[in-house]
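Where a number appears in this text, it was derived from the coordinates with a stated rule and is not lab data. Computed from a predicted structure; not experimentally measured. Don't worry about glycine lacking a Cβ; one is built from the backbone with ideal geometry, like all the others, and counts go over all protein chains shown.
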Amino acid sequence: MKVVIDTNVLLSAAWRDKSPEAVILWIASHRDWKWIVSDEILTEYREVLRREKFGLQSETIERWEMIITGLTALVDVDIRVQFPRDQKDAMFLACAISANADYFITGDRDFKDAKKIMNTTILSVSMFKRLVCDTD
C-alpha cells in the first residue's frame, strides 16, 4: 500500500501528538506499506519543521529528519494538478496521482474536493488509525 502524508500530519507528529506519530510509525513498521513523497514534498517537510514559529527543538527536528530520510519512498512527479482551493497543496495530489497512492492522510478539510480528481482515499489521521492501524 502507498500512502502520501500531508505536512500538517508530520508537524503534529513532531509535536508529539500521539495519533499522528503512531500512524506514521505504524506505516513505517509495515514492509508492505510505503510512505510516498516527491522532491517538492520533502522540501516542504524540511522547511516547515524548521520554522521558528513552531518552536521544535533541534533534537526533534533531527529525529524527524532521520525518519523522513530513512522511511520515505521518492517518486518522480511529472504532472501538474490544478487545485483551486489551495494551489500550494496541489503537490500532494500530484504525488498521490503519480504514485497511484492508496491513501492520502491529511488534517486539511480543503481536500474534500480532491476526491473528484483522483482515486486515492483521503482520510484524516484519526480515521486512518481507526480503519487501518487499529484493525491490524
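Our Cα-only numbers for the chain put the radius of gyration and Dmax at 14.0, 40 Å.
For the pair residue 51 and residue 133, the difference between a 0.36 nm per residue extended length and the Cα-Cα distance amounts to 26.5 nm.
Counting only trypsin sites (Lys or Arg not before Pro) that DSSP places in a loop and that have at most 12 other Cβ atoms within 10 Å, the longest clean stretch of the chain runs over 81-136. Neighbour counts of C-beta atoms inside 10 Å place 102, 89 in the sequence 102, 89, starting with the fewest.
Coupling constants for region 46-54 follow from the phi torsions by the Karplus curve (6.51 cos²θ - 1.76 cosθ + 1.60, θ = phi - 60°), and in residue order they are 5, 5, 5, 4, 8, 5, 4, 4, 8 Hz; glycine and proline get x.
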